[in-house]
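Take a look at the structure below.
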Amino acid sequence: MNSAQYKNISENVMLPFANQNLPTRRIFQHGNDPKHTSRLVADFLQSKEINVMEWPSQSPDLNSIEHLWEELARRASQVAVGNADEKFNLLPREWILIPQSKIEALIDSVPRRCKAVADSLWYPTKY
């Protein structure tokens, strides 16, 4: 994916979803990948008056999706499969089986994670 594709997804998927499902006062978060921080994307977000959270580099403590990937990997490792194709094919099923409560707990933990990272002066935390 490049910055133009990322901007396109942000404009045509993320923004309509956010406008329909989220409060009007919100903060957008993405990582420091070059496609996220490109001038094209920054200009788009600014033109739409989208507030973007400052994001420290190398910050898995704050990235909830990383914790979901770990959960998915844990679940997938508990299923015996014969080859890589079988493992790959079980991932969507295992993803759906992650309890909504787990996802909500990760979302709810974001303010605590942000505070912990700020308190640690951007160094790694217990998360």
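Only the coordinates and a few stated rules stand behind these numbers; no lab work does. In this text the structure is predicted, and so the values were computed from the model without any measurement. Please note: Cβ atoms are built from the backbone with ideal geometry, for glycine as well, and neighbour counts cover all protein chains shown.
Above 18 Å, the calculated P(r) of region 64-119 contains 43 percent of its Cα-Cα pairs.
Which trypsin sites (Lys or Arg not before Pro) in region 24-127 sit in a loop by DSSP (not H, G, I, E or B) and have at most 15 other Cβ atoms within 10 Å of their own Cβ?
On the way: sites: Arg25, Arg26, Lys35, Arg39, Lys48, Arg74, Arg75, Lys87, Arg93, Lys102, Arg112, Arg113, Lys115, Lys126; in loops: Arg25, Arg26, Lys48, Lys126.
Sparse-neighbourhood loop trypsin sites (Lys or Arg not before Pro): Arg25, Arg26, Lys48, Lys126.
Across the chain, the longest piece that holds none of the GluC sites (Glu not before Pro) lying in DSSP loops with up to 14 other C-beta atoms within 10 Å covers 55-127. Computed from Cα atoms, the angle from the helix 64-77 axis to the main principal axis of the chain rounds to 10 degrees.
Kirkwood-based Rg over Rh for the chain (C-alpha set), two decimals? With Rh from the inverse mean 1/r over Cα pairs, Rg/Rh is 1.01.
How large is Rg over Rh for region 3-47, taking Rg from the Cα atoms and Rh as the Kirkwood inverse mean of 1/r across Cα pairs? List each step's numbers first, then the result.
Values: Rg = 10.5 Å, Rh = 11.0 Å.
With Rh from the inverse mean 1/r over Cα pairs, Rg/Rh is 0.96.
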